[in-house]
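Enquirer: Take this structure, written in structure tokens, and hold onto it; I'll ask about it next.
The values are calculated or read from the model by the stated rules, or taken from the named source; none is laboratory data. All of these numbers come straight from a predicted model, not from anything done at the bench. Virtual Cβ from ideal backbone geometry, glycine too; neighbours counted across all protein chains shown.
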2 protein chains.
Amino acid sequence: MAAPATVPCCAPIAREPISESDAAEAAVLLKAVADPVRLRLLSMIGSHAGGEACVCDLTGAFDLTAPTISHHLKILRTAGLIDGERRGTWVYYRIIPEAVNKLGALFTPLGDAAPVLLPA
Amino acid sequence: MAAPATVPCCAPIAREPISESDAAEAAVLLKAVADPVRLRLLSMIGSHAGGEACVCDLTGAFDLTAPTISHHLKILRTAGLIDGERRGTWVYYRIIPEAVNKLGALFTPLGDAAPVLLPA
DNA sequence: CATATAGTTCGATTGACGTCGAACCAAGGA
DNA sequence: TCCTTGGTTCGACGTCAATCGAACTATATG
């Protein structure tokens, strides 16, 4: 049998030294997520029914003012982790799965994380 | 046959809202890794022959002074991502696989990342 | 003991980040 | 048209974080 070309050993980051530019790129994504509020926002958006959440669904969960929540959402959006769309009175945010997968791929052995994120 | 109890859909963080305390805990880990220098340090340590790297192997790769590298290593160590040990003249750092796996588990679908990190 | 080398700790500086209040824009009724 | 509600942008403030030079600790060696 064909021996596996690469032994499935460690997380990609622990297999070979990450390049300077890859590190910079990954750090942007990680910085966006390295905050308790943004982590919860991301999680609340991703796990909300229909795959999207209105800002009004989010603010209530925090002891923070609306501008602050908006600020954090903007950071997540700028990093490419979420996308927002206005429909009538409300603004709805949705997760961008590829960006989340990029994060997982950094630290997870056996690279191929399931490409599925939304059932259809 | 028994249907899978949970459909392997999305990253854990996108399956259900992360708790406030879990978010805080994860953010500590993520903050430690959300820096290009520390990301590269972690990667260089993890991918170095023997699973450990001397500080002297690391400093040369950066345009930073020794105190700064030491500072970043301390942050990684405090976060529980690496461990350091002095042997004679040099100090050797090693990755703590469980911590890295925790990071991967946050963003990777199908939870069970391979438990293997070092061949033995 | 003196000296050299490897790393860390300390103190200071500079820039980035999280937060808020106030002002502003967008949409939907009276 | 005016008012209300939902969100964002702006400006400012306080805190934290990255970096450096200088001083310090630890080990080895002459």
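Residue-wise test of (1) without any contact (Cβ under 8 Å) to a residue 60 or more places away in the chain; (2) over 19 Å from B:A27 (Cα atoms).
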position	(1), (2)
A:V33	no, no
A:R38	yes, no
A:I45	yes, no
A:H48	yes, yes
A:E52	yes, yes
A:T59	yes, yes
A:F62	yes, no
A:P67	yes, yes
A:R77	yes, no
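Enquirer: Of all the helices (runs of 4 or more DSSP H) wholly in region B:19-108, which have at least 2 residues that are of a type in the set (D, E, K, R)? Write out each step before concluding.
Expert: Numbers: elements: B:20-33, B:36-47, B:55-58, B:66-78, B:97-107.
By residue number, B:20-33, B:36-47, B:66-78, B:97-107.
Enquirer: Might you let me know whether region B:63-85 holds any residue that is more than 16 Å from DNA strand C (Cβ to nearest atom) and either surrounded by 15 or more Cβ atoms within 10 Å (Cβ to Cβ) or at pLDDT 95 or above (or both)?
Expert: no
Enquirer: Moving on. Any chance region A:39-49 includes a residue that's within 10 Å of chain B (Cβ to nearest Cβ), more than 14 Å from DNA strand D (Cβ to nearest atom) and among the β-branched types (V, I, T)?
Expert: no
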